[in-house]
Amino acid sequence: MSGWLQINQHMKKRFITLSAATLAVAGAQAADGKIWEVSATLKGFYDDNVTTAPNNEVESGGIEFSPALSLNYGDGTDLDISAGYAYGLRWYDDRPTDDQDHGHELGLSLNKAFTDTSRLSLSESYVVAQEPALLDGGTPLRLEGDNTRNTFQAGYKRILSGKTGLELGYGNSLFDYDDRTFSSLLDRQVNSFSVDGFHYLDELTELVVGYKFAATDFDGPKVSGSNTALAFDPDARDNDSHFAYVGLSRTLNAQLAVEGLVGIQSADFDNADRMPDVVTDDDPSSPFADVRFTWSYAEDSSVVGGVMMLRTATDLRAADQETTAIYAQLRHRFTDLSPDLYGTITGRYQSSELNGGGAGVDGKDEELNLFGVGLSYNISESMWAELSYNFDELQSDVRVYGDRSFDRNYVSIGIGARY
């Protein structure tokens with residue numbers, strides 16, 4: 001058999017979600033044949049809005065230290081295993097509350113090719129963080145505390161006959177916020193199941209038709225009291241989502257590949273009667289899309305980007321929000337100036353329309369703009385220096401709970417070492 005699944009596995013690699021407050025800058029990879037690497041970065045930073053507040057912003061400088069360990073075994077073989085862990089300590093010189101933040105990122109993945117026609121993929125991601133881009137939980141705000149996200153994914157893909165086959169998937173995500181208000185609004189568990197039929201037109205083109213079911217159970221604490229405008233029953237948000245889609249993956253040439261899914265998403269809120277002022281539409285439907293590309297235009301230089309349309313959770317007193325996001329990341333090696341100099345530019349534009357919540361919330365829009373730029377210079381094979389700048393901006397039409405629009409500038413400079 002020809003290597004259909006190996007080719008498709010390369011085409012299906014996910015792109016890293018763009019982060020506004022943390023910018024990864026390019027560095028040299030571990031030496032050939034080395035399966036482990038330890039590294040650490042030490043940075044000084046300045047943040048002009050550490051609480052992402054709309055006014056009376058708190059600014060502070062500080063120091064960030066982050067050691068990390070990564071392991072890779074069997075890259076390019078039938079059994080590919082990778083693991084990574086990073087700890088982050090951020091100390092603030094002038095923050096009124098706790099002057100330290102602690103973060104953890106753990107990632108595990110396993111890809112096993114049983115034959116040329118069947119493959120198993122497993123992945124696990126555990127994050128403890130304060131930055132919204134790392135948590136991806138439904139709020140654009142930076143929150144102190146040990147906020148956690150845990151995501152597990154499993155997939156099995158098999159060719160059944162000729163160039164046609166089936167892919168089964170399962171996913172589980174857990175979100176847990178420290179702050180009681182955000183815990184009530186965003187703590188949840190999501191279980192999803194998917195089944196995709198696929199057909200290879202040739203070794204570079206794959207067609208997909210699929211269905212996905214996702215059950216979301218909000219399990220945060222109930223908020224009650226005399227102020228009915230703030231009372232909240234998380235169970236009212238429990239919903240089942242159904243996705244129907246078609247897709248295409250295509251490697252256009254050695255440098256450019258595109259892939260995308262487009263379809264429809266419908267949600268059923270079975271407990272809408274618990275809070276009819278919040279869940280005003282118990283069966284909304286909206287377009288669904290996940291389209292992305294990668295262009296490797298030169299050695300160690302590439303552009304990745306895409307568009308996503310999806311119903312997502314919100315940290316406001318509403319049922320959910322219909323979100324459209326456009327993102328891109330440019331990574332460039334300045335070979336003409338110096339082969340050790342790298343640059344990165346990231347950008348993300350996200351527009352969300354709120355569903356439910358009553359007057360002042362329902363139908364209101366929020367726009368999130370994220371931009372980052374960074375430079376990295378390899379001093380030697382084991383040391384580098386880096387400089388980065390990030391800008392975050394939220395523009396919100398919601399005024400019921402006061403203005404929550406904000407902007408934030410974050411600058412850091414530091415050094416790193418690896419072994």
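The values are calculated or read from the model by the stated rules, or taken from the named source; none is laboratory data. Only a predicted model underlies this, so the values are computations on that prediction, with no experimental measurement involved. For neighbour counting, all protein chains shown are included, and Cβ atoms are generated from backbone atoms with ideal geometry for every residue, glycine included.
Of note:
- Segment 202-224, subset part of a strand (DSSP E or B) and modelled with pLDDT under 95, residue farthest from D270 (Cα to Cα): D202
- Residues in segment 89-112 that are in a strand (DSSP E or B) and free of Cβ contacts under 8 Å to residues at least 40 places away in the same chain: L89, W91, Q100, G103, H104, E105, L106, G107, L108, S109, L110, K112.
- Selected residue (only one of Q350, Q395 is within 23 Å of the chain's Cα centre (by Cα), within 23 Å of T216 (Cα to Cα) and not β-branched (V, I, T)): Q350
- Residues in segment 356-364 include none that are assigned to a strand (DSSP E or B) and buried (at least 16 other Cβ atoms within 10 Å of the Cβ).
- Of the criteria (1) within 22 Å of the chain's Cα centre (by Cα); (2) within 21 Å of D362 (Cα to Cα), which one N271 fails: (1)
- Restricting attention to segment 289-343, the residues that are of a type outside the set (K, R), surrounded by 19 or more Cβ atoms within 10 Å (Cβ to Cβ) and not in a strand (DSSP E or B) total 6.
- Being without any contact (Cβ under 8 Å) to a residue 12 or more places away in the chain and not basic (K, R) is a condition met by at least one residue of segment 319-335.
- Only one entry of G374, G363, G356 meets the criterion of being in contact with a strand residue (DSSP E or B) (Cβ under 9 Å, 6 or more places away or on another chain), under 28 Å from D300 (Cα atoms) and not polar (S, T, N, Q), and that entry is G374.
- Filter pass, F218 being more than 24 Å from R142 (Cβ to Cβ) and among the hydrophobic types (A, V, I, L, M, F, W, C): no
- Among residues of segment 375-419, those that are buried (at least 17 other Cβ atoms within 10 Å of the Cβ), outside any strand (DSSP E or B) and among the hydrophobic types (A, V, I, L, M, F, W, C), counted: 1
- Contact map, segment 72-85: residues that are free of Cβ contacts under 8 Å to residues at least 60 places away in the same chain and under 14 Å from L122 (Cα atoms) paired with residues that are surrounded by fewer than 15 Cβ atoms within 10 Å (Cβ to Cβ) and among the small types (G, A, S), Cβ distance under 8 Å, separation 6+ or inter-chain. Pairs shown: D80/G74; I81/G74.
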